[in-house]
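Q: Take this structure, written in C-alpha coordinates, and hold onto it; I'll ask about it next.
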Amino acid sequence: MRLTNLVSIVTGGASGFGESICRAFTTEGARVVIADINSELGEHGASNLRAAGHDAIFCRTDVTKSADMAALVQTTVDRHGRLDIMVNNAGISHANQPMLNVSEETFDRIFQVNVKSIYLSAVHCVPVFRQQRSGTFINIGSTAAVRPRPGLTWYNGSKGAVLLLTKSMAVELAPDNIRVNAINPAIAETPLLTTFMGRSDTPENRKSFLNTIPLGRLCQPTDVANAAVFLSDPASNFVTGVCLEVDGGRCI
(Lines give C-alpha, C1' and ligand atoms only; values in the text may rest on other atoms or scores of the structure.)
Protein backbone atom coordinates (compact mmCIF):
# COMPACT_ATOMS: atom_id res chain seq x y z
CA MET A 1 0.00 0.00 0.00
CA ARG A 2 1.21 3.44 -0.94
CA LEU A 3 0.59 5.31 2.34
CA THR A 4 1.22 2.60 4.93
CA ASN A 5 1.27 4.05 8.47
CA LEU A 6 1.47 7.65 7.28
CA VAL A 7 -0.52 9.93 9.58
CA SER A 8 -2.90 12.37 7.93
CA ILE A 9 -5.37 15.10 8.82
CA VAL A 10 -8.16 15.92 6.38
CA THR A 11 -10.13 19.09 7.11
CA GLY A 12 -13.70 19.08 5.89
CA GLY A 13 -13.26 15.32 5.99
CA ALA A 14 -16.86 14.43 6.77
CA SER A 15 -18.33 14.98 3.30
CA GLY A 16 -17.59 15.66 -0.36
CA PHE A 17 -13.97 15.62 -1.44
CA GLY A 18 -12.80 15.21 2.15
CA GLU A 19 -14.79 12.07 2.80
CA SER A 20 -13.48 10.51 -0.40
CA ILE A 21 -9.89 11.48 0.45
CA CYS A 22 -10.25 9.85 3.88
CA ARG A 23 -11.49 6.63 2.32
CA ALA A 24 -8.73 6.59 -0.29
CA PHE A 25 -6.03 7.33 2.30
CA THR A 26 -7.13 4.58 4.66
CA THR A 27 -7.44 2.10 1.78
CA GLU A 28 -3.79 2.85 1.03
CA GLY A 29 -2.79 2.23 4.65
CA ALA A 30 -2.79 5.73 6.13
CA ARG A 31 -4.04 6.65 9.59
CA VAL A 32 -6.63 9.41 9.31
CA VAL A 33 -7.88 12.16 11.57
CA ILE A 34 -11.14 13.56 10.21
CA ALA A 35 -11.50 17.25 11.05
CA ASP A 36 -14.89 18.85 10.47
CA ILE A 37 -17.33 21.28 12.06
CA ASN A 38 -20.16 18.75 11.61
CA SER A 39 -19.81 16.35 14.52
CA GLU A 40 -22.59 13.98 13.45
CA LEU A 41 -21.17 13.42 9.96
CA GLY A 42 -17.59 13.31 11.23
CA GLU A 43 -18.26 10.70 13.90
CA HIS A 44 -20.26 8.65 11.41
CA GLY A 45 -17.43 8.75 8.87
CA ALA A 46 -14.77 7.75 11.39
CA SER A 47 -16.97 4.95 12.72
CA ASN A 48 -17.50 3.56 9.22
CA LEU A 49 -13.78 3.59 8.51
CA ARG A 50 -13.01 1.80 11.79
CA ALA A 51 -15.69 -0.79 11.04
CA ALA A 52 -13.83 -1.49 7.79
CA GLY A 53 -10.66 -2.14 9.78
CA HIS A 54 -8.98 1.24 9.32
CA ASP A 55 -7.36 3.61 11.82
CA ALA A 56 -9.58 6.70 11.91
CA ILE A 57 -10.79 9.19 14.51
CA PHE A 58 -12.87 12.36 14.39
CA CYS A 59 -11.86 15.70 15.87
CA ARG A 60 -14.42 18.50 15.76
CA THR A 61 -12.65 21.52 14.30
CA ASP A 62 -13.53 25.02 13.21
CA VAL A 63 -10.70 25.67 10.77
CA THR A 64 -11.03 29.44 11.26
CA LYS A 65 -10.10 29.18 14.96
CA SER A 66 -6.45 28.94 15.99
CA ALA A 67 -7.30 27.11 19.22
CA ASP A 68 -9.23 24.45 17.30
CA MET A 69 -6.43 23.93 14.81
CA ALA A 70 -3.86 23.72 17.61
CA ALA A 71 -5.98 21.10 19.40
CA LEU A 72 -6.41 19.15 16.15
CA VAL A 73 -2.67 18.91 15.54
CA GLN A 74 -1.94 18.15 19.19
CA THR A 75 -4.58 15.40 19.27
CA THR A 76 -3.03 13.85 16.19
CA VAL A 77 0.54 13.96 17.52
CA ASP A 78 -0.52 12.69 20.95
CA ARG A 79 -2.26 9.71 19.35
CA HIS A 80 0.26 8.81 16.65
CA GLY A 81 3.52 10.48 17.66
CA ARG A 82 3.80 12.33 14.35
CA LEU A 83 1.97 13.98 11.45
CA ASP A 84 2.86 13.33 7.82
CA ILE A 85 0.09 14.82 5.66
CA MET A 86 -2.12 17.86 6.18
CA VAL A 87 -4.96 18.17 3.67
CA ASN A 88 -6.54 21.62 3.74
CA ASN A 89 -9.82 20.66 2.15
CA ALA A 90 -12.45 22.58 4.14
CA GLY A 91 -14.05 25.23 1.95
CA ILE A 92 -17.21 27.19 1.31
CA SER A 93 -18.63 29.41 -1.42
CA HIS A 94 -21.31 32.00 -1.95
CA ALA A 95 -24.09 31.15 -4.36
CA ASN A 96 -23.49 32.01 -8.01
CA GLN A 97 -24.73 35.60 -8.28
CA PRO A 98 -23.64 39.13 -9.24
CA MET A 99 -20.57 40.04 -7.21
CA LEU A 100 -22.09 43.12 -5.58
CA ASN A 101 -24.97 41.03 -4.21
CA VAL A 102 -22.63 39.13 -1.89
CA SER A 103 -22.71 40.49 1.65
CA GLU A 104 -19.62 41.63 3.51
CA GLU A 105 -20.31 38.98 6.15
CA THR A 106 -20.33 36.25 3.49
CA PHE A 107 -17.15 37.62 1.90
CA ASP A 108 -15.36 37.56 5.26
CA ARG A 109 -16.53 34.02 6.01
CA ILE A 110 -15.32 32.72 2.64
CA PHE A 111 -11.82 34.10 3.17
CA GLN A 112 -11.73 32.85 6.75
CA VAL A 113 -12.60 29.29 5.77
CA ASN A 114 -10.78 29.08 2.43
CA VAL A 115 -7.66 31.17 3.14
CA LYS A 116 -7.14 31.86 6.84
CA SER A 117 -7.43 28.12 7.51
CA ILE A 118 -4.28 27.54 5.44
CA TYR A 119 -2.42 30.15 7.50
CA LEU A 120 -3.55 28.44 10.71
CA SER A 121 -2.59 25.00 9.41
CA ALA A 122 0.89 26.34 8.68
CA VAL A 123 1.17 27.93 12.12
CA HIS A 124 0.40 24.65 13.85
CA CYS A 125 1.76 22.02 11.41
CA VAL A 126 5.05 23.54 10.29
CA PRO A 127 6.74 23.23 13.72
CA VAL A 128 5.85 19.52 13.77
CA PHE A 129 7.05 19.01 10.21
CA ARG A 130 10.28 20.90 10.90
CA GLN A 131 11.03 18.77 13.94
CA GLN A 132 10.48 15.64 11.83
CA ARG A 133 12.34 17.09 8.82
CA SER A 134 9.43 15.95 6.67
CA GLY A 135 5.79 16.68 5.94
CA THR A 136 3.30 17.35 3.17
CA PHE A 137 0.58 19.94 2.73
CA ILE A 138 -2.14 19.42 0.14
CA ASN A 139 -4.38 22.44 -0.41
CA ILE A 140 -7.64 21.98 -2.27
CA GLY A 141 -7.87 24.84 -4.76
CA SER A 142 -10.19 25.08 -7.75
CA THR A 143 -10.23 25.62 -11.48
CA ALA A 144 -12.07 28.80 -10.44
CA ALA A 145 -8.64 30.27 -9.74
CA VAL A 146 -7.39 29.42 -13.25
CA ARG A 147 -10.47 29.89 -15.45
CA PRO A 148 -12.97 31.82 -13.30
CA ARG A 149 -16.68 31.65 -13.99
CA PRO A 150 -18.78 34.81 -13.65
CA GLY A 151 -21.01 34.94 -10.60
CA LEU A 152 -18.39 33.43 -8.29
CA THR A 153 -15.97 36.36 -8.13
CA TRP A 154 -15.18 36.39 -4.41
CA TYR A 155 -14.96 32.60 -4.21
CA ASN A 156 -12.68 32.67 -7.26
CA GLY A 157 -10.47 35.20 -5.49
CA SER A 158 -10.19 33.05 -2.38
CA LYS A 159 -9.04 30.09 -4.46
CA GLY A 160 -6.58 32.33 -6.30
CA ALA A 161 -5.05 33.04 -2.90
CA VAL A 162 -4.88 29.31 -2.20
CA LEU A 163 -2.83 28.70 -5.35
CA LEU A 164 -0.37 31.53 -4.74
CA LEU A 165 0.02 30.53 -1.09
CA THR A 166 0.73 26.96 -2.21
CA LYS A 167 3.59 28.05 -4.46
CA SER A 168 5.02 30.52 -1.94
CA MET A 169 4.85 28.00 0.92
CA ALA A 170 6.52 25.38 -1.29
CA VAL A 171 9.50 27.65 -1.95
CA GLU A 172 9.89 28.83 1.63
CA LEU A 173 9.47 25.42 3.26
CA ALA A 174 11.51 23.36 0.81
CA PRO A 175 14.75 23.69 2.85
CA ASP A 176 12.89 21.94 5.70
CA ASN A 177 11.94 19.04 3.39
CA ILE A 178 8.29 20.10 3.57
CA ARG A 179 6.31 19.72 0.35
CA VAL A 180 3.29 21.87 -0.54
CA ASN A 181 0.97 21.12 -3.46
CA ALA A 182 -2.57 21.94 -4.53
CA ILE A 183 -5.36 20.18 -6.39
CA ASN A 184 -7.69 22.18 -8.66
CA PRO A 185 -10.96 20.31 -9.22
CA ALA A 186 -13.51 21.29 -11.83
CA ILE A 187 -17.14 21.66 -10.79
CA ALA A 188 -17.98 18.42 -9.03
CA GLU A 189 -20.73 16.23 -7.68
CA THR A 190 -20.46 17.41 -4.06
CA PRO A 191 -22.84 19.19 -1.66
CA LEU A 192 -21.67 22.53 -3.17
CA LEU A 193 -22.80 21.67 -6.71
CA THR A 194 -26.00 23.74 -6.73
CA THR A 195 -24.20 26.60 -4.94
CA PHE A 196 -21.75 26.84 -7.83
CA MET A 197 -24.52 26.46 -10.40
CA GLY A 198 -26.67 29.12 -8.79
CA ARG A 199 -29.72 27.12 -9.84
CA SER A 200 -31.25 23.67 -9.46
CA ASP A 201 -29.40 20.56 -10.59
CA THR A 202 -31.27 19.51 -13.72
CA PRO A 203 -29.96 17.78 -16.86
CA GLU A 204 -30.43 21.01 -18.80
CA ASN A 205 -28.54 23.10 -16.24
CA ARG A 206 -25.78 20.52 -16.04
CA LYS A 207 -25.37 20.61 -19.80
CA SER A 208 -24.13 24.21 -19.77
CA PHE A 209 -21.32 23.20 -17.41
CA LEU A 210 -20.54 19.88 -19.11
CA ASN A 211 -20.09 21.72 -22.40
CA THR A 212 -17.05 23.50 -20.88
CA ILE A 213 -15.32 20.24 -19.85
CA PRO A 214 -13.66 18.40 -22.76
CA LEU A 215 -14.00 14.97 -21.13
CA GLY A 216 -17.72 15.61 -20.85
CA ARG A 217 -18.47 14.84 -17.21
CA LEU A 218 -18.37 16.48 -13.79
CA CYS A 219 -15.47 15.89 -11.45
CA GLN A 220 -16.09 13.08 -8.96
CA PRO A 221 -14.79 13.11 -5.36
CA THR A 222 -12.79 9.98 -6.18
CA ASP A 223 -10.92 11.90 -8.90
CA VAL A 224 -9.67 14.35 -6.29
CA ALA A 225 -8.95 11.58 -3.78
CA ASN A 226 -6.78 9.72 -6.29
CA ALA A 227 -4.80 12.89 -6.95
CA ALA A 228 -4.36 13.41 -3.21
CA VAL A 229 -3.00 9.88 -2.85
CA PHE A 230 -0.46 10.56 -5.59
CA LEU A 231 0.71 13.82 -3.98
CA SER A 232 0.98 12.11 -0.57
CA ASP A 233 2.80 9.02 -1.83
CA PRO A 234 6.50 9.02 -0.91
CA ALA A 235 7.09 8.20 -4.58
CA SER A 236 6.17 11.85 -5.34
CA ASN A 237 8.79 13.25 -2.96
CA PHE A 238 10.32 15.48 -5.67
CA VAL A 239 6.98 17.12 -6.45
CA THR A 240 6.33 20.44 -4.73
CA GLY A 241 4.68 23.73 -5.66
CA VAL A 242 2.43 21.97 -8.18
CA CYS A 243 -1.19 23.05 -8.66
CA LEU A 244 -2.65 19.97 -10.31
CA GLU A 245 -5.78 20.44 -12.40
CA VAL A 246 -8.23 17.56 -11.98
CA ASP A 247 -10.69 19.02 -14.40
CA GLY A 248 -11.30 16.87 -17.47
CA GLY A 249 -9.45 19.40 -19.58
CA ARG A 250 -11.44 22.50 -18.60
CA CYS A 251 -8.34 24.67 -18.13
CA ILE A 252 -6.74 23.82 -21.47
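The values are calculated or read from the model by the stated rules, or taken from the named source; none is laboratory data. Worth saying up front: this structure is predicted, and the values here are computed from it rather than measured. Backbone-built Cβ (ideal geometry, glycine too); neighbour counts: all protein chains shown.
Q: Out of Asn96, Asn114, I need the residue that is in contact with a Phe, Trp or Tyr (Cβ under 8 Å, 6 or more places away or on another chain), more than 24 Å from Asp233 (Cα to Cα), in a helix (DSSP H, G or I) and in contact (Cβ under 8 Å) with a residue 40 or more places away in the chain. Which one?
A: Only one candidate passes the filter, namely Asn114.
Q: Further question: Give Ala70, Ala30, Ala46, Ala90 a once-over and let me know the one that is within 28 Å of Gly160 (Cβ to Cβ) and touching a strand residue (DSSP E or B) at 6+ places or on another chain (Cβ under 8 Å).
A: Ala90
Q: Which residues, counting only those in the range 129-148, are touching a helix residue (DSSP H, G or I) at 6+ places or on another chain (Cβ under 6 Å), assigned to a helix (DSSP H, G or I) and of a type outside the set (D, E, K, R)?
A: Within the range 129-148, Ala144, Ala145 meet the criteria.
Q: Here's something else I'd like to know. What pairs come up if the first residue lies in the range 185-214 and is at pLDDT 85 or above, the second is part of a helix (DSSP H, G or I), and their beta carbons are under 6 Å apart, counting only those six or more places apart or on different chains?
A: Pairs found: Pro185/Val224; Ala186/Thr143; Ile187/Phe196; Ile187/Phe209; Thr190/Gly16.
Q: Would you check which residues across the range 135-177 are on the phi > 0 side of the Ramachandran plot and surrounded by fewer than 16 Cβ atoms within 10 Å (Cβ to Cβ) and list them?
A: Matches in the range 135-177: Asn177 only.
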